[in-house]
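What follows is a set of notes on a single structure, which appears directly below.
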Amino acid sequence: MDNKERITVALAGNPNAGKTTIFNKITGERQHVGNYPGVTVETKVGFRSHKGVALDIIDLPGTYSLTAYSLDEVVARNYIINEKPDVLIDIIDMSNLERNLYLATQFIELGVPVVFAFNMSDLAKSRGYDVDIRMLSDLLDVPIVPTIGHKGEGIERLLDEAIAIARSGKAPRPAEVKYGRDIEEAVRKIIALLEPSKKLVAKYRPRWVALKLLENDSEVRAEVKADVDNYDEIMAEVEGCSKHIKTVCGDQPEIIIADRRYGFISGACQEALVSSVEVRHTASDKIESVLINKVLGLPIFVGMMFLLFQLIFSLGNPC
């Protein structure tokens, strides 16, 4: 009988953040492909032994958010909530940090044990900036491990952190995103109506549910309807709060919530971002510097317009 400790690790992240590369580096050839039950979304499951621990690695679909806008997002979120992996590794493209941290912040709000892999750290440094990893880790209350997926760098330490978090069962403290007086007041009212439902509270953080109801998340609304006795009362409160927020703030709650999340992320990045002494430029930066040059810009524009007209008349000439 195999008494080896076994831990389930789910990999999540934005599309093109390098998640599949890291999955392949961790599992090698010990993986298989299938489908999530009841849907056509592909799943990959891999296996790895690390320092005496058997790891089941689940590669979740790439998503930008935990709001139910697409099937991939629904599948990824439902797996995390219903299957409850021992630890989640969020693969973050360090060269596109603010966009990727939008999903990461939602994992913190959801309250799952999580580790952040700051992937493509070499690409970020080549573009002239770095991140104070320790400061950002303290701000978010989440372990952060820099990785370079295609080289396999940081993978061993990433697995060490994942196992440590899984053993501790430690979820990060809720991200202290301040959504403004009107939304915070609406959240408090909705939470007061949700808390009597022990079944719902056992499954989700009430604050997360309240925010999802204000975001008009259809999947969460269905979950609430199935788990509470006062669904009509809750939804009447949600609708009333949503109308008030739109009247006072001039926009739908989901737009304001997304905007405030990005504000929180931007503030954290400004605290932790460290610019390099040498700022390197991408190819697009170099092209742009020529095209908008005070001296060369206008002649280049005139030349391009001349060539465009010549092309149009040449192609439009019936002879």
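The values are calculated or read from the model by the stated rules, or taken from the named source; none is laboratory data. Bear in mind the structure is a predicted one, so any value in this text is a computation, not a measurement. Counting neighbours? That spans all protein chains shown, and the Cβs are built from the backbone with ideal geometry, glycine included. The protein model used for the area step is the full one, side chains on, heavy atoms only, and it has no ligands, DNA or RNA in it. Shrake-Rupley method; radii C 1.70, N 1.55, O 1.52, S 1.80 Å.
Counting 0.36 nm for each residue step from I255 to N78 and taking away their Cα separation leaves a gain of 61.4 nm.
Here S49 sits with roughly 60 square angstrom of accessible surface, probe radius 1.4 Å. 3J(HN,Hα) along the range 121-129, derived from phi through the Karplus expression 6.51 cos²θ - 1.76 cosθ + 1.60 where θ = phi - 60°, amounts to 5, 5, 5, 4, 5, 5, 8, x, 9 Hz, with x in place of Gly and Pro. Considering only DSSP beta bridges with both partners in the chain, what is the antiparallel share in %, to the nearest 5? Taking every DSSP beta bridge within the chain, about 45 percent pair in antiparallel fashion. Measuring only protein heavy atoms, the 1.4 Å probe finds S137 accessible over about 30 Å². Which residues in the range 162-192 have a backbone N closer than 13 Å to a point placed 7 Å from the Cα of A54 along the Cα-to-Cβ line? No residue passes the distance filter. In this structure, the pairs whose alpha-carbon distance is over 27 Å, taken from K19/K189; K19/K125; K51/K203; K170/K246, are K19/K189; K51/K203; K170/K246.
Divide the volume of the convex hull around the Cα atoms of the range 133-270 by the residue count and you get 146 Å³ per residue.
Here the Karplus curve 6.51 cos²θ - 1.76 cosθ + 1.60, taken at θ = phi - 60°, turns the phi angles of the range 233-247 into couplings of 5, 4, 5, 5, 5, 4, 5, x, 5, 4, 5, 5, 4, 5, 5 Hz, with x standing for Gly and Pro. Helical runs assigned H by DSSP (4 residues or longer) give the chain a calculated mean residue ellipticity at 222 nm of -16000 deg cm²/dmol, each run adding -39500 (n - 2.57) before division by the residue total. Spin-label pair R173-M304: with each label point 7 Å from Cα along the Cα-Cβ axis, the two points sit 5.1 nm from one another.
Taking amide hydrogens as placed 1.01 Å from N in the peptide plane, the amide H of G128 sits under 5 Å from those of R280, each at least 5 positions away in sequence or on another chain. Note on the range 90-180: Cα-only Rg and Dmax are 13.1, 43 Å.
Dividing the radius of gyration of the alpha carbons in the range 196-281 by their Kirkwood radius gives 1.18 for Rg/Rh.
Modelled spin labels at R181 and M135, positioned 7 Å past Cα toward Cβ, are 3.2 nm from each other. Near G13, the amide H atoms lying under 5 Å from its own belong to T63, I91; only residues 5 or more places off or on other chains count, and H is placed 1.01 Å from N.
Remark: the range 297-310, residue by residue, has Karplus-estimated 3J(HN,Hα) of x, 5, x, 5, 4, 4, x, 5, 5, 4, 5, 5, 5, 4 Hz, where x stands for each Gly or Pro and the curve is 6.51 cos²θ - 1.76 cosθ + 1.60 at θ = phi - 60°.
The calculated FRET efficiency for the pair I287 and I312, based on their C-beta separation and a Förster distance of 41 Å, comes to about 0.95. Potential lengthening of the chain between R6 and D122 amounts to 38.5 nm, from the contour at 0.36 nm per residue minus the alpha-carbon distance. In the chain, which longest range has no GluC sites (Glu not before Pro) that are both DSSP loop (not H, G, I, E or B) and surrounded by at most 14 other Cβ atoms within 10 Å? That gives 30-175 as the longest site-free run.
Amide H contacts under 5 Å for H50: L55, restricted to partners 5 or more places along the chain or on a different chain, H placed in the peptide plane at 1.01 Å from N. Overall shape of the range 37-110 was characterised from the C-alpha gyration tensor. The equivalent ellipsoid obtained from it has semi-axes of 21, 18, 12 Å, in decreasing order.
Taking all protein chains together, K25, K203 sort by accessible area into K25, K203, largest first [probe 1.4 Å].
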